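Undergrad: I have a structure I would like to understand better, so I am pasting it below and will then ask my questions one at a time.
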Ligand code: NAD
């Protein structure tokens, strides 16, 4: 039975489009088409596969503004960010277009002959994408998977399917054979689950909440299915007394409120040395209160709305009955708006300080010394990213090595680059995406021995 979902603009609450949601039978047909496409795709020569991915990147580039404007309407991302996200898909495609011709095996001297290894494609890869970064997260999955010779079925989030659907069309326009990359809008419990249970899907790449990721990992265990998980985060920004405090304070709102805080890498916990706490809070005042929240299509907006009414209610519940230290403003009326807010954590156990709010909320907690800062930063089930602000290079490296997280920045809030590995420690994930090694996660090593005696 076919059902549809009403895709809304979160800045206006208006319905943008009705999108058909696939049922299990339609998902099975798409997976079977993907398995058939695999037979020819894996035989496309590495140079031709590289050219097709390069061409796909070029077509995305030609449609950059269209994709960005679509994301502004569907996800409420501010236009500057949305352009960067479309450009990220292009860059990831171009980066992995360089790899099919470099993805070779080894020869290993052994008694009685020669052994050689081949990186073989896994087969059909199922990519499950969340609503917070619909374009980049899709690209981080499909670009290396295709480069390694796999075919891909991709399920966008129910709330944000439009750019993924368009990327699927652009792949065909670029000349990728039908069935090689298919975008399947649908429910997680139907299409996403089928990726987990269908035996022809040999790997699942899941980005989303830790709770759902845990269930997917359990499901994949039944078939020993390969799995990459990119899950939640509650990332700490540690500001030492010797830091460039003005730079740390100027960067903190962007590091936490970017994409309305709906970012697994958001620095939503701010640990500040007690001697400079007052100074840092004063420095934070202007950038927090002046953080421009408004129409995401407006070039001057720094932050748009939250994704939907339920999510806004969840974020707002963390502010109920609390004194706020600092707060910006936001539009009233239609749209799922929330002002950027800074809270003082009541203790290291304060839920606002420990739970992934996924909204524009920073919780600040003072610390007394380096050991305490590291202990508090690590006192979480998550381990995705974080920042260290100090002028002492020894301390910067020492603390970076001690913080249990996959991606750390010193004197910066930047987290993700397409050319470096990205992923989480602890319950923030399993495996790494992006960077030079991502193809390994989409290949199986085969060893072939040839007797010479
Ligand atoms: P979610 O877990 O609710 O959904 C993610 C995707 O999984 C959606 O496409 C959804 O339809 C699908 N899904 C839901 N239930 C499923 C099931 N039972 N089987 C298969 N698929 C299912 O997450 P969300 O609310 O869309 O996204 C927010 C979360 O994603 C946050 O926790 C955030 O930290 C995390 N995230 C992590 C990263 C990272 O790289 N570590 C990046 C972005 C977002």
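Throughout, read-outs are computed from the coordinates displayed, never taken from laboratory work. Every value quoted in this text rests on a predicted model; they were computed, and no experiment measured them. Cβ: placed from backbone, ideal geometry, glycine included. Neighbour counts: every protein chain shown.
Undergrad: Between residue 69 and residue 247, with labels modelled 7 Å along Cα→Cβ, what's the label distance in nm to one decimal, could you check?
TA: Between residue 69 and residue 247, the label points sit 3.9 nm apart.
Undergrad: What distance in nm lies between label points placed 7 Å from Cα along the C-beta direction at residue 332 and residue 62?
TA: Once both label points are built, they end up 4.8 nm from each other.
Undergrad: How much length is gained if the chain between residue 23 and residue 371 is pulled fully straight, taking 0.36 nm per residue apart and subtracting their Cα-Cα distance, in nm to one decimal? Write down the numbers at each step before the final one.
TA: Working: separation 348, 0.36 × 348 = 125.28 nm, distance 5.22 nm.
So the chain would gain 120.1 nm between residue 23 and residue 371.
Undergrad: Across 10 Å bins from 0, what is the distribution of all Cα-Cα pair distances for segment 1-146, in whole percents?
TA: Spelled out bin by bin, segment 1-146 gives 10, 28, 32, 20, 7, 3, 1, 0 percent.
Undergrad: I've got another one for you. Can you work out the PRE-style zone for residue 285? Point 7 Å along Cα to Cβ, and I want the residues of segment 234-254 with backbone N under 18 Å.
TA: What the label zone holds, given the 18 Å backbone N cut-off, is 245-253.
Undergrad: Length gain on complete extension for the stretch residue 187 to residue 355, per 0.36 nm per residue less the alpha carbon to alpha carbon distance? Kindly include the intermediate steps, with their values, before the conclusion.
TA: Working: separation 168, 0.36 × 168 = 60.48 nm, distance 2.54 nm.
Extending this stretch completely gives an extra 57.9 nm.
Undergrad: Tell me, 308, 265, 330 in order of fewest to most beta-carbon neighbours within 10 Å?
TA: Fewest-to-most ranking of 308, 265, 330: 308, 330, 265.
Undergrad: Say each of residue 214 and residue 298 gets a label point 7 Å from the Cα, pointing the same way as Cα to Cβ; how far apart are those two points in nm?
TA: 4.1 nm
Undergrad: Can you tell me the FRET efficiency between residue 398 and residue 106 if r is taken as the Cβ-Cβ distance and R0 is 30 Å, rounded to the nearest 0.05?
TA: Approximately 0.25, to the nearest 0.05.
Undergrad: For segment 236-418, state the semi-axes of the equivalent ellipsoid (square roots of 5 times the eigenvalues of the alpha-carbon gyration tensor), sorted largest first and rounded to whole angstrom.
TA: Taking √(5λ) for each Cα gyration eigenvalue gives 26, 16, 16 Å.
Undergrad: Something else about it: The chain: percent of C-alpha pairs farther apart than 30 Å?
TA: Distances greater than 30 Å cover 46 percent of the Cα pairs.
Undergrad: Something else about it: So how much slack lies between residue 48 and residue 445, counting 0.36 nm per residue of separation and subtracting their Cα-Cα distance, in nm?
TA: Numbers: separation 397, 0.36 × 397 = 142.92 nm, distance 2.20 nm.
Stretched out fully, the residue 48 to residue 445 stretch lengthens by 140.7 nm.
Undergrad: Moving to a separate point now. Take every Cα pair under 8 Å in segment 6-153 that's 6+ residues apart, average their separations, divide by the length, and report that relative contact order as a whole percent. Could the numbers behind the result be given before it?
TA: Numbers: 190 pairs, mean separation 40.7, N = 148.
In percent, rounded to a whole number, it is 27.
Undergrad: Only helical DSSP H runs with n ≥ 4 go in: add -39500 (n - 2.57) per run for the chain, normalise by residue count and round the 222 nm mean residue ellipticity to 500 deg cm²/dmol.
TA: -11500 deg cm²/dmol
Undergrad: Could you grab the relative contact order for segment 236-418? Cα pairs under 8 Å, six or more apart, rounded to a whole percent. Write down the numbers at each step before the final one.
TA: Details: 343 pairs, mean separation 51.5, N = 183.
Worked out over segment 236-418, it gives 28 percent.
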